[in-house]
Structures are given as structure tokens and as C-alpha cells.
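Only one structure is covered here, and it is reproduced in the block below.
The values are calculated or read from the model by the stated rules, or taken from the named source; none is laboratory data. Because the structure is a prediction, the values reported are computed rather than measured. All Cβ positions, even for glycine, are placed from backbone atoms using ideal geometry, and neighbour counts span all protein chains on display.
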Amino acid sequence: MTWQGVDKRIFPRANYPCTVRIRSKGSAEAFRTKTENIGCGGICVILPKDVGMFNPVEVEIELASANEQRKISCDGTVVWVVRRGQVGKDLPNSFDTGIEFIGLKPEDKLLIERVVTECLQKNTSSKSAS
């Protein structure tokens, strides 16, 4: 089942697929993926490998609102990992991974807030039009 909308957290999250790069601190291995959801407090991504609970990571997000496009970089901490079930036995594993932002710049937080608000408004207006 795919997550559909906003979560009841301190920082609401929106289903907003943008490109993100995750790299464990001290590792040369990096993963490029898409976000499952994003909020001012963190992101959920699908990774091909379990990078480990509570491990520090570096996060780069290519983010665009209606008015601007920017690459956001900050540190993060892996706060949860859930292994996804395999559909076919020859398919590789994947891991839903929740990452909390650490040291997010105020202007980057504002951009994420705008993006989340835009997504939630689009979602609300498309549901009311149905």
C-alpha cells in the first residue's frame, strides 16, 4: 500500500517525488533515489540497502517550488528502516528509510514548507473537484 497524503506529525509531510542523494557519513557509497514523502522534519526514501538505524547521513535534495528551484544539503539521522516485501523472488530487496533532518538552514526549511503547502493545496483541491 502506498502512503497517500499528509501524516499527523509535528511537521506535516506531503507526497512529493523529488531526486535525493543519500550517503552514510564516512562512506564513499551514495544512493540516488526519489522521495516517498517530505516535510520540514525529514524525508522518507526507498533505498536498495539498509543503511542502519540511527546512522548519520548526508542528504542532498533537488527541490522546486512554484517560485524557485534549489539543491538543499544537510545532515540527517536514519530514524527508522522497514524492509519491503519482495514481489518476485529474483527482485532485489528495498528498504523504506525515514531520515530526520539535522542542521537544516532556515531558508531551506522555508522552501520545504512552501513545497509541502503547495502539494497539500493541490491534493485538497483535486479531492474537492472529484
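Points worth noting:
- Those residues of segment 24-69 which are under 14 Å from residue 113 (Cα atoms) and exposed (fewer than 13 other Cβ atoms within 10 Å of the Cβ), in sequence order: 66, 67, 68, 69
- Of all residues in segment 75-86 being over 13 Å from residue 47 (Cβ atoms) and modelled with pLDDT of 75 or more, the one that is surrounded by the fewest Cβ atoms within 10 Å (Cβ to Cβ): 79
Residue-wise test of (1) at pLDDT below 95; (2) in contact with a helix residue (DSSP H, G or I) (Cβ under 6 Å, 6 or more places away or on another chain); (3) not in a strand (DSSP E or B).
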| residue | (1), (2), (3) |
| --- | --- |
| 22 | no, no, no |
| 26 | yes, no, yes |
| 37 | yes, no, no |
| 51 | yes, no, yes |
| 60 | no, no, no |
| 73 | no, no, no |
| 88 | yes, no, yes |
| 96 | yes, no, no |
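- Top-ranked residue in segment 1-20 [being hydrophobic (A, V, I, L, M, F, W, C) and at pLDDT 70 or above; ranked as nearest to residue 56 (Cα to Cα)]: 20
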